[in-house]
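Chemist: Here it is, the structure in full.
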Amino acid sequence: MTWVNLTSMEQLDEIKNSSGFSLIFKHSTRCSISMMAKKNFEYNWEVIPEDTKLYFLDLISYREISNKIAEVFQVAHQSPQILLIKDGDCVLESSHSDISPEEVAEVIAA
């Protein structure tokens, strides 16, 4: 699996308007906890269905997009944070040590 870098508001609109599942990983490049959460997530991410779109947001470089994500999906800003989006709605939000590819896979399978 590979990340798609989330770098524009247009991509965020695409996520909001797409059908199926998309996942956004909000990552702070200045935070060791965020780096560890990303590494742990990638270690087991093969459990997530391959057709799930995985977006990576460097929230230091793209703070405006990070703020818009919180507004659009009505979640509190966290870092690190994942949001699983299904048909335009956030169906799972996790942060810090609660970030788990297994949980993502369970929600998708349900």
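Chemist: So what J values fall out for segment 22-30 if you push phi through Karplus, 6.51 cos²θ - 1.76 cosθ + 1.60 with θ = phi - 60°, rounded to Hz, Gly and Pro as x?
Modeler: Using θ = phi - 60°, the values come out as 9, 10, 10, 10, 8, 10, 9, 6, 9 Hz.
Chemist: Along segment 88-104, what does the Karplus equation 6.51 cos²θ - 1.76 cosθ + 1.60 (θ = phi - 60°) give for ³J(HN,Hα), rounded to whole Hz, x for Gly and Pro?
Modeler: x, 10, 6, 9, 7, 9, 9, 9, 6, 6, 7, 5, 8, x, 5, 5, 4
Chemist: How are the alpha carbon pair distances in the chain distributed across 10 Å bins from zero to the largest one, expressed in percent?
Modeler: 15, 54, 30, 1
Chemist: Also, I was wondering about something else. For the pair Glu46 and Val75, what calculated FRET efficiency results from E = 1/(1 + (r/R0)^6), where r is the Cβ-Cβ distance and R0 = 30 Å, to the nearest 0.05?
Modeler: 0.70
Chemist: Among Ile60, Ile99, Ile48, determine the one that fluctuates most according to a GNM of the chain built with springs between C-alpha atoms less than 10 Å apart.
Modeler: Ile60
Chemist: Let me ask something else about it. Under 5 Å between amide hydrogens, which residues at least 5 positions from Leu6 or on another chain qualify, with H placed 1.01 Å from N in the peptide plane?
Modeler: Sorted by chain and number, the residues that satisfy this are Phe56, Leu57, Asp58.
Chemist: Test of the criteria: in segment 1-72, which trypsin sites (Lys or Arg not before Pro) are in a DSSP loop and have at most 15 other Cβ atoms within 10 angstrom of their Cβ?
Modeler: Here the sparse-neighbourhood loop sites are Arg30.
Chemist: With the other protein chains left in place, how much accessible area per residue, in square angstrom, belongs to the chain at a 1.4 angstrom probe?
Modeler: Value for the chain: 55 Å² per residue.
Chemist: Restricting attention to the alpha-carbon atoms of segment 1-58, what are Rg (one decimal) and Dmax (integer), both in Å?
Modeler: Taking only Cα atoms of segment 1-58, I get Rg and Dmax of 12.0, 33 Å.
Chemist: Shifting gears a bit: List the residues whose amide H sits under 5 Å from the amide H of Leu92, counting only those 5 or more places along or on another chain, with H placed 1.01 Å from N in the peptide plane.
Modeler: Residues meeting the amide H criterion: Leu84.
Chemist: Okay, moving on. How large is ³J(HN,Hα), in whole Hz, for each residue of segment 31-42 in order, when computed from phi with the Karplus curve 6.51 cos²θ - 1.76 cosθ + 1.60 and θ = phi - 60°, using x for Gly and Pro?
Modeler: With coefficients 6.51, -1.76 and 1.60, one gets 10, 5, 5, 5, 4, 5, 4, 5, 4, 5, 5, 5 Hz.
Chemist: Given the Cα atoms of segment 33-83, and with Rh set as the inverse mean 1/r over their pairs in the Kirkwood sense, what is Rg to Rh to two decimals?
Modeler: Expressed as Rg/Rh, it is 0.99.
The values are calculated or read from the model by the stated rules, or taken from the named source; none is laboratory data. Quantities reported herein were computed from a predicted structural model and do not represent experimental measurements. Counting neighbours? That spans all protein chains shown, and the Cβs are built from the backbone with ideal geometry, glycine included. We work out accessible area using only protein heavy atoms, side chains counted, and drop any ligands, DNA or RNA first. Shrake-Rupley method; radii C 1.70, N 1.55, O 1.52, S 1.80 Å.
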